[in-house]
Structure formats: C-alpha cells, structure tokens
C-alpha cells in the first residue's frame with residue numbers, strides 16, 4: 001500500500017479485536033521490527049500497561065459505539081522501550097461486512113510541526129490579496145476547529161494570532177488578544193513559571209511541559225504546552241508558536257488508569273480480561289504466577305485452555321446462564337496450569353457492558369485455594385476416620401448403615417453387620433508393648449480390606465473392635481463363608497522385627513430385618529452375637545437371633 005506508507009505520521013490498520021492487519025513505514029521506524037513481525041499480533045503490545053488498560057476500558061468502547069475517536073492522549077513504546085506521548089485518532093470503516101479500524105498517531109513534537117505549518121499558511125494567507133479571501137477564511141475556520149489551543153507570539157512576546165479555543169480558555173475576544181503581551185494574558189504568576197520555556201523557544205529550542213492554569217471563572221484546568229520556535233529564512237527567530245492542549249479530563253483519566261494499572265499489577269489475585277467469546281485480552285502478574293503461562297503465551301488464546309476436565313457441560317451451562325441473567329458469577333472451579341497441575345480456584349466473573357448495555361468484556365478474578373481445600377478435606381477425613389488405621393470410625397459407619405437402611409426401605413436389599421473383637425490382643429500388648437499392638441491393628445485392617453468388595457465397609461470402633469458392613473451379600477451361606485475367611489486371615493501369625501504376634505477373632509453377625517428399628521439397634525444385635533461367639537470358645541462366629 002504505497003499511499004499508506006507515504007503518510008507522514010505513524011499509522012496502522014486493525015480488526016475489531018485489535019489484531020494488526022497493516023502498519024506503515026513511519027510506525028515501524030517508531031516502534032521497531034518489520035511489517036511481517038507485527039502482522040496478526042495484538043496492537044496492545046505497542047503500549048505500556050496503563051495505556052493498554054485505557055484502550056480496553058475507554059477507547060474501544062467509544063470506538064465500537066461511535067465509530068471514531070479523536071485526540072486522545074496515550075503513551076506508545078518506541079524501539080528502545082521508552083514511553084513516547086502521542087495523540088491518537090481512529091476511524092472505523094466497513095468493507096464486505098468486515099470492520100477495519102485505521103489508527104493515526106501524532107507524536108507530540110511532530111504533531112506540533114504539522115499544526116505550525118497550518119499556522120504559517122494562515123500567516124501567508126493574511127498577506128495575500130483580496131482574491132485569496134476565501135482561502136484565508138478557510139484556514140481560519142480550520143484553525144478554529146482544531147481542538148487544541150493555538151497562538152503565535154512574536155519575539156517581543158506579543159500575540160499575533162490565537163484560535164477560538166485559545167481565546168475562550170482565557171476568557172477574551174479575538175480582538176482583545178491581538179497585540180497583548182503574553183505576561184498580560186497569562187498573569188504575573190503563570191508568566192514567571194513559563195518564562196524559562198518562553199526564553200528557550202526564543203533561543204530556538206522546542207519546549208514541552210504540563211501546567212495547571214486557573215481560568216477566569218476560577219476553575220483549574222490542566223494543559224500540555226508546546227512552544228515551537230519560528231525561524232525565518234535567514235535563520236533568525238521571529239517568534240514562537242504555542243500549542244496548548246486541554247488535558248484536564250485526560251489527566252483525571254490518567255490518574256485513574258495509573259491507579260487501576262497499579263492495582264492490576266500489585267494485587268495478589270489473578271486477573272484475566274476476555275472478549276465476549278472468551279479470547280484472552282489481558283492478564284496481570286498474579287495470573288501469570290498462578291497458571292505458569294506468560295502474558296505473551298496466554299493473550300489471544302481462548303480461556304478454555306485452562307479447563308481441567310473436572311466439570312461437566314452442565315456446570316458451564318449454568319455459569320453462562322447466570323452471567324447472562326445477573327452479569328456476575330462466583331464459585332469454585334478446578335483449573336489446569338501450563339505444566340498440567342490441577343488446582344482449585346475461587347473465581348468471580350463480571351460482565352462489563354458498554355453504554356448501550358451490551359456485554360463487550362468479561363473480567364475474571366481468581367485465587368488459588370487448593371491448600372485451603374486440602375486442609376478442609378484432611379480435617380473432614382480426620383473427623384470421620386480412625387487416626388491409627390485410616391478406617392472409617394463409628395460416625396462414618398453409622399452414616400453408611402443409615403444410608404443403606406434407607407435404600408432397603410425402598411427396594412429389596414440384604415444388609416449385614418459383622419462385629420469383630422480380637423482374641424489374644426491384650427496378651428500382645430502386655431508382651432510386646434503398645435507399639436507392636438498398633439502394628440497388629442494396622443495389619444488386621446489391611447487384611448480385612450483385602451478380603452472385601454469396594455461396596456463393603458471395614459470400620460474400627462476403637463481398641464481391638466472392628467465392624468464389617470456387607471452391602472447386599474448373595475446369601476446367608478455366602479456371609480458364613482466370608483466370616484470363616486475373615487477368621488482365617490486374622491489368625492495368620494505376624495512378625496515385627498523378631499516380635500512374633502498372633503491374634504484370633506470372635507465375630508457376631510446381624511442381618512437387617514423388618515424388626516430392626518435403627519442402625520444402633522442393628523449394631524447391638526451384632527455385638528450381642530459376638531459375645532455369644534466369645535462364650536462358645538472364641539475364634540468363631542455366631543449369627544444374631
């Protein structure tokens with residue numbers, strides 16, 4: 001595109017997502033790299049973080065609503081990574097149903113040169129004959145239409161021209177401004193502050209500075225001033241052009257953006273911004289630390305890259321439904337980092353709407369709560385399991401019996417409790433001590449677990465008492481066979497570093513019948529039957545009557 005490359009100022013073309021479609025040579029000279037190096041990249045990479053946030057939260061919503069933006073001040077990163085102030089203009093165009101956005105950047109000093117040339121044309125027009133009156137009027141109109149304040153001061157520091165925004169800022173008429181000394185216009189205090197810059201401009205050095213100015217109505221306005229020397233054909237300084245841009249709103253916005261950027265960077269919670277189809281637009285350092293993805297790796301990807309596979313489609317369907325209805329979703333989500341690690345995060349997603357009330361951004365704020373969840377699971381496990389063997393304790397056993405009894409009330413189901421008391425365990429403790437006794441209990445636990453189905457439960461009530469819960473065994477004979485096998489494996493001798501231990505077990509067995517009113521009643525029946533087995537000579541089993 002030769003015409004595009006011949007533009008005297010930096011420019012680029014992007015799609016509605018900020019993906020670069022084309023850049024001109026002037027922009028490449030400013031930011032570095034090649035045309036091919038920038039194509040298909042996010043234009044956000046040309047800007048520092050504060051300007052990126054301003055683009056996403058202010059510029060794009062205005063641009064998508066109005067189709068254009070004018071004279072917005074941002075910072076752009078040059079090839080050396082330095083922040084360069086620019087004024088940004090953008091125009092939306094549509095061809096073949098595809099939106100394109102043409103961005104034009106005016107570097108402050110260069111922009112001032114363009115406007116200086118416009119004023120020089122106006123001065124030449126004033127010296128022309130009446131035949132050029134129309135051209136002069138046109139130049140006046142253009143100068144007055146420029147949103148910045150423009151004035152020309154001769155080397156005696158008297159005003160020779162001021163456009164409409166300039167005279168309105170200082171509360172004067174064009175006629176009053178002509179010939180006034182700059183000290184009168186600015187006032188003694190402001191003149192003294194600006195005098196070093198004025199002297200610099202009259203010495204041939206361009207000046208740029210910011211200033212707070214009190215208006216005639218008493219309000220304070222903030223301006224960005226550029227003084228550009230006017231050099232004659234003989235090299236002498238004739239005066240200087242003053243280009244002053246009202247940045248009051250931008251300064252307030254800049255302060256807000258800087259604060260937002262600081263919070264965005266410093267917060268310990270991960271933050272991710274996406275578009276309406278979940279394409280990642282921006283992330284903060286905490287998000288990078290949490291997921292392991294660098295900013296360059298994650299921006300442009302779809303957020304589904306973080307899916308862990310632990311949630312079904314219904315989970316996400318409900319999430320999106322709530323976002324549509326309330327513009328907010330909060331909950332806990334299992335996600336996957338770059339290295340494949342699965343972690344639990346507390347996530348809050350907010351929908352950001354434009355002025356038309358349409359959602360155009362989503363902001364997710366997340367925090368890793370995996371350790372907290374692990375601790376809660378450990379506490380819950382400890383509350384329901386035996387500390388020595390890891391088997392379910394009495395509370396968890398009773399809960400499982402209650403659940404099976406509830407099922408048995410609705411459908412035919414056989415439920416059996418087997419109450420075990422170890423024979424000879426006291427002798428092991430007395431002979432070898434409690435440390436060997438604990439080893440015996442853990443060995444018995446493992447042997448019992450190895451005998452049973454996953455649907456069955458082995459629990460330790462305390463001391464040397466164990467309970468086996470059988471879920472729907474085949475028959476009474478099958479239960480008797482299991483009981484015999486339990487007695488057989490418990491009786492296998494044990495050796496712990498030379499300490500020989502041997503225990504047996506007496507067992508009581510109770511079946512759930514219509515007469516059993518509660519899980520406690522069923523347990524007592526098995527306990528009573530166990531004492532009958534003890535009375536029968538131990539190391540045997542008895543069924544409850």
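Some points to look at:
- For the stretch 426-520: rounded, prolate or oblate by the Cα gyration tensor [a/c cutoff 1.5]: prolate
- Beta bridge orientation in the chain: antiparallel %, DSSP, nearest 5: 95
- A simple spin-label model places the labels of residue 371 and residue 82 4.4 nm from each other, with each point 7 Å out along Cα-to-Cβ.
- Full extension of the segment from residue 305 to residue 472, taken as 0.36 nm per residue of separation minus the current Cα-Cα distance, would add 55.7 nm.
- log₁₀ of I(q)/I(0) at q = 0.16, 0.20, 0.31 Å⁻¹ - the stretch 382-430, Debye sum with one point per alpha carbon: -0.66, -0.84, -1.08
- Peptides 485-491, 412-418, 383-389 ordered by packing proxy, namely the average of other Cβ atoms within 10 Å per residue, highest first: 412-418, 485-491, 383-389.
- Cα gyration tensor category, rounded, prolate or oblate, for the chain with a/c compared to 1.5: prolate
- For 275, 514, 99, order by how many other beta-carbon atoms lie within 10 Å, fewest first: 514, 99, 275
- Here 166, 362, 222 are placed in order of increasing Cβ neighbour count within 10 Å, fewest first, which gives 222, 362, 166.
- Every Cα-Cα pair of the stretch 260-318 was included, and the share exceeding 18 Å stands at 40 percent.
- Degrees separating the helix 370-384 axis from the principal Cα axis of the chain, which is the longest one: 20
- Using only alpha carbons, the stretch 186-244 has a radius of gyration to Kirkwood radius ratio (Rg to Rh) of 1.05.
- Measuring between their Cα centroids, the stretch 454-502 and the stretch 192-262 lie 90 Å from each other.
- Binned Cα-Cα distances of the stretch 268-373, short to long, each 5 Å bin given as a whole percent: 2, 12, 22, 27, 20, 11, 4, 1, 0
- Helical mean residue ellipticity (222 nm; -39500 (n - 2.57) per DSSP H run of 4+; nearest 500) of the chain: -12000 deg cm²/dmol
- Against the chain, whose longest principal axis comes from its Cα atoms, helix 188-202 is set at around 80 degrees.
- Among 324-333, 521-530, the order from most to least packed when residues are scored by Cβ within 10 Å on average: 521-530, 324-333
- Axis angle, to the nearest 10 degrees, between helix 313-326 and the longest C-alpha principal axis of the chain: 40 degrees.
- Shape of the stretch 348-492, Cα gyration tensor, a/c cut at 1.5: oblate
- Modelled label positions at residue 380 and residue 446, each set 7 Å beyond Cα in the direction of Cβ, lie 2.8 nm from each other.
Since every read-out is calculated from the coordinates, none of them should be taken as a lab result. If you're wondering where the values come from, they're calculated on a predicted model, not measured in any experiment. Glycine also receives a Cβ, built like all others from the backbone with ideal geometry; neighbour counts cover every protein chain displayed.
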